[in-house]
Structure formats: structure tokens, C-alpha cells
Amino acid sequence: MASFEDFPMIEVKKMNETEVRLFSLLFNLLREPKGISFQKFRTMMPRFYKNEDIESDRKKLYRDLNQLKSLGFNIKVAQYGYQSEDFFPYYIEKESIDRTLKFSKEELEVLSKSLYSAELTKELISLSQKLFSYHLDLIPNLTKHPITNDSDDNSVDTSNTEKILQAIKDKRAITIVYGYDDKERTIEPYRLVRKHTTDFYVLAYDRGKKSLRRFILPKITVKKETKEEFFSNLKISNEDLNFHPLSLKTHAEMEIHFQIHPEYEDRWKLFLEGAKYETSENQYKVFTTNQNALFQFFVILPEALVEASAHWKDRFASHLHEWENLYQFV
């Protein structure tokens, strides 16, 4: 039987100043899951980080955070391009629990053979893409197993682009299906456009919708080439041809002011090409109905932004927080 001596008591010692500081730092980080910046630490913990020498305090915080990291706490920092480093929030990242199914390569090979032997449908294609996302060498060869449909007349036509271009040239209507929607639509294609986008679009009059629509080229399947001339007689305006994301209508037009670093003005003007804006030296007044489209530029080149309104900065910070929260679950 074990005696008391086999389990000696740990001697209780008074915490020293460094241990008290580290414990307080850890407690505050756990209490604030969204993070705490250096400047906020100075306000919350003035006993430890409120000396006259701010650089000394900054180095002390870095050392303390690294000490907590060495003890196993996963401390991260969220950075925003328009703020100084003192305002980056530090936070403890919650460890994710991996509950995903794990497949061996042998198991995936068995699944692959099963899919090869089956007639591939849209559902099986989607399933195989998910199963083999990290083993693309095992994904079934779709060219050997075309998608089956109930109708013999629904085979995929590989000459869609040629048919669309011919219809544009001849000003003849065509019947299509779009994406996974099996409903047929008759359109009158006017232009093939690729401007400010990575995709080719077909600008066409949709007879069913009775309006001018934009169709992504790879999602179009031509079902029938008609000999019908256009019913519509539209004049294509520059606005119709403007595919700039800042022109997408997600809200009423608003005016946003920016000051851009001179070294990045060429790239900024290239980004704005086709959008509505005014400029004076490195000051820009941008008019947009989709302000979220501006975030992409500054996420990639945060150093380009010298100044913007406080409201827009808050919007940008909120957008980055949303991205950060989403990626924590990936």
C-alpha cells in the first residue's frame, strides 16, 4: 500500500512578479476571445505595461507572449493594414477538434473503383470531388464515364462556344440550359465580354425574363440553334459592358474618399479602370454601389492605403474579422 511519503505535497510558494504578470496576461487573453492590442494591455494592466518607456513595455509584452507560447498556449495576432502595429489584437486561438473521417489510400482506391463501375450522375461527381479532394489522382475519369440523363437528347455538346459565337455573328436566337438548371431558355446573344473579370460572359437578351442578362460562358450548354432573328433591338451601352465589381448594385451609390500611397497609384488606377471616380494628386473620390469590392484590393496591398474615413476603416476591420472567424472553422 502506498504511503504518504510516496506522494509528497508540492511546496506552496508565493508567486514572483514575473509569474503574477504572466498569469494576469493569460487571464485577460482568456477573458477577451476577440483579442487585446498592446495599447489596450497598457490600459488594462498599467502595473506591468504602463511605464514611460513605451518601447521597453512593448518588448516586455513580446517576451511575455512568447513565454506563454512556450507553455503551449496558441497565441495569434490579427493584423490590419491601415493600423499601426500597436493596435494589432493578440488572441488565443481555440484548438479545433478534428472530427472528420479519415480514409486510408487503400480505402479510397476501393471507393474509386466503385464509382468507376457506376453510371456517373451529378450527385456522384459532387461526392467524388469531396472524397478525393486530397487525392485527385484517384478521382474517376469523367471522360470515360459521361453523365447519364433520362433523355437521349441531353448529351453534353463540346462546341458550345462556337455555336454561341456563330449566333452572335448571325444575330440568331439559341436555346440553352444554364448551370444545373434543366429548364430551357431562349436567348439572343449580343456580345461575348471579358472585362474586369476572370470569366467570359455572354451578354444576351433573355426572352423568358424579357431583359438583358449576363451568362458565364462555361455554364452555358447550347441545346438548339434556331433560325429565328432577334425579337429585341437593343442598343448596348457602356454601362451594360461594365463588369467592374464596384458597379454591382448591392446598395445605393455612395462616395468614399481615399488617400493612396504614390508608389501604389498605378495599381490603384488599374484596379479602378471602368469604375466611377475622381482624383486630385493622391486623393481619390470613389463612387460605388458595391463598397465591399474595395476590400479585395486593400487585403492584397494594405500598404497602399494612407488614409480613409473612420467609417470605412470600421467596415474594413469588420470584414477582416468575419474572414478570420470563418477561417478558424476551416
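Here are the numbers:
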read-out: Some residue of the range 315-323 being closer than 29 Å to N238 by Cβ and at pLDDT 85 or above; value: yes
read-out: Candidates R21, R99, R58, R31 - the one that is modelled with pLDDT of 85 or more and loosely packed, with under 11 Cβ neighbours inside 10 Å; value: R31
read-out: Condition broken by Q259, with the remaining ones in (1) more than 28 Å from F87 (Cα to Cα); (2) touching an Asp or Glu at 6+ places or on another chain (Cβ under 6 Å); (3) not hydroxyl-bearing (S, T, Y) satisfied; value: (1)
read-out: Hey, S237 in contact (Cβ under 8 Å) with a residue 24 or more places away in the chain and of a type outside the set (A, V, I, L, M) or not; value: no
read-out: In the range 176-192, the residues that are surrounded by 15 or more Cβ atoms within 10 Å (Cβ to Cβ), aromatic (F, W, Y) and farther than 22 Å from I236 by Cα; value: Y178
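The values are calculated or read from the model by the stated rules, or taken from the named source; none is laboratory data. None of these values were measured; they are calculated from a predicted model. Neighbour counts run over all protein chains shown; Cβ positions are idealised from the backbone, glycine included.
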